[in-house]
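A short write-up of the structure that comes next.
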Amino acid sequence: MTAYIDRSYPFLEIITSPDWQDYELLDSGNGQKLERFGGFRLIRPEAEAIWSPALSQKEWKKVDAIFHPTPEENGGHWQHLTSIPERWTLAYKNLKFYVQTTASRHVGVFPEQASQWDWIVEQVRTHKGECRILNLFGYTGLASLAAASAGAQVTHLDASRKVVSWARDNQILSKLEKCPLRWIVDDALKFVQREARRESRYDGIILDPPKFGRGPKGEVWEFYKLLPILLKACRAILTEQPAFMILTAYAVKASAVTLYNALNEIMQPLHGKLQAGEIALIETSAERLLPTAIFARWSRIHHNLHPLED
């Protein structure tokens, strides 16, 4: 029998976002999470929270809205227990954006991604010369706005016209109207392949693909089938000396090592720094970590983090 050899993998890490003022993960447990978004408390489903809540039932009842899921993925409805505005404003450092209770459990921001926004800002600021960034599956635009606030020229793409419109509203709210941001509604893979034919190149690429989705013309996205193809297509549109590539995945049956291997395969010849691990939120009640996603990110040179300006 071959003996198991224990190896150290220093590139694997857990990243959190401790600098929030307008957001808190108050507690989690019994398949739910209790969160504060500005002045409102929401309860949303959270499959990872298999433990018991730290706060009392009395605290959990101090809530403004609850999302009740159905068996269908992302299905369900919001129950409003107090008068919540259609949308309200939050801030993270120099970014401002709208949140709202949507038709799904999502509210327009993934708070755990704030540490990634800080990292993107650092990569843009330390890149020499012009920095062109492509954000695929860009949702409501906070990663795009973070990059633009640091001086990047950003192309933001999402298949949903509604969320791209939301992202543009966030741009105005953040007073970044003069920043060079290009808003695109398209299928991610088709757009990247067209950019390759046009010989359009980018210094950084942000990818946050869903497990499953559809493009604006009904194009089907399947994570395991199409991600390797998309990564190779993205590698073809990077400049000769790119700044970074970052990949995040939610709700997939994959390990951070999976993302590490996939990104390492295409970026290894460039001899940069590659990290991978889990993204988590810290509860304010019990200081437990709630895992939310996995990530891998490559950068040309590693620098100490200088986050977004307060």
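Let me know the Kirkwood hydrodynamic radius for the chain, please, with Cα pairs as the basis and the value in Å to one decimal.
With all distinct Cα pairs of the chain included, I get 20.3 Å.
Let me cross-check Lys93: its accessible surface, 1.4 Å probe, with only protein heavy atoms counted, in Å² to the nearest 10?
Estimated to the nearest 10 Å², Lys93 gives 50 Å².
Looking at the P(r) of the range 1-137, how many percent of alpha-carbon pairs lie beyond 25 Å?
42
What percent do you get for the relative contact order of the range 156-228 when only Cα pairs under 8 Å and 6+ apart count?
With pairs under 8 Å counted, the relative contact order is 32 percent.
Cross-link list Lys190/Lys225; Lys190/Lys211; Lys128/Lys190: which exceed 20 angstrom alpha carbon to alpha carbon?
Where the Cα-Cα span goes over 20 Å, the pairs concerned are Lys128/Lys190.
Can you sort Asp27, Asp208, Asp158 by 1.4 Å-probe accessible area, starting with the largest?
Putting Asp27, Asp208, Asp158 in descending order of accessible area: Asp208, Asp158, Asp27.
Is the range 177-234 rounded, prolate or oblate when judged by the Cα gyration tensor, a ≥ b ≥ c being the square roots of its eigenvalues, rounded requiring a/c under 1.5 and prolate requiring a/b larger than b/c?
The shape class here is prolate.
So for the chain, averaging the separation of alpha carbon pairs under 8 Å that are six or more residues apart and normalising by length, what relative contact order in percent results?
18
Enter the angle in degrees (range 0 to 90, nearest 10) between the Cα long axis of helix 256-267 and the first principal axis of the Cα atoms of the chain, meaning the one along which they spread out most.
Once rounded, one gets 20 degrees.
Please grab the % of Cα pairs in the range 164-310 that end up more than 19 Å from each other.
Beyond 19 Å sits 62 percent of the P(r) for the range 164-310.
Students often check this: by mean Cβ neighbours within 10 Å, which of 79-87, 256-264 ranks highest, and how do the rest follow?
Result, highest mean Cβ count within 10 Å first: 256-264, 79-87.
On a 0 to 90° scale, report how tilted helix 114-126 is relative to the longest principal axis of the chain, with both axes built from alpha carbons and the result rounded to the nearest 10.
30
Mind ordering 188-196, 213-221, 122-130 by average Cβ neighbours within 10 Å, highest first?
188-196, 122-130, 213-221
Mind listing the phi-derived Karplus ³J(HN,Hα) values for the range 186-191, rounded to whole Hz, using 6.51, -1.76 and 1.60 with θ = phi - 60°, and x for any glycine or proline?
Values per residue, Gly and Pro as x: 6, 7, 4, 5, 4, 5 Hz.
Write down the accessible area per residue of the chain in Å², having rolled a 1.4 Å probe over the full set of protein chains.
49
May I ask you to derive the relative contact order of the range 100-228, considering only C-alpha pairs under 8 Å and at least 6 residues apart, and to give it as an integer percent?
It comes to 24 percent, rounded to a whole number.
Which value results when the Cα radius of gyration for the range 12-68 is divided by 2.2 N^0.38 Å?
In units of the globular-protein estimate, the range 12-68 measures up at 1.17.
Using a 1.4 angstrom probe on heavy atoms only, work out the carbon and sulfur share of the accessible area of the chain in %.
That share works out to 50 percent.
Can you pick out the pairs among Lys33/Lys61; Lys61/Lys93; Lys96/Lys273; Lys96/Lys162; Lys96/Lys232; Lys93/Lys175 whose Cα atoms lie more than 24 Å from each other?
Checking Cα-Cα distances, Lys61/Lys93; Lys96/Lys273; Lys96/Lys232 exceed 24 Å.
The values are calculated or read from the model by the stated rules, or taken from the named source; none is laboratory data. What you see is a predicted model, and the numbers here were worked out from it, not measured in a lab. Cβ atoms come from the backbone with ideal geometry, glycine included; neighbour counts cover every protein chain shown. Note: areas computed on protein heavy atoms with side chains; ligands, DNA, RNA excluded. Shrake-Rupley method; radii C 1.70, N 1.55, O 1.52, S 1.80 Å.
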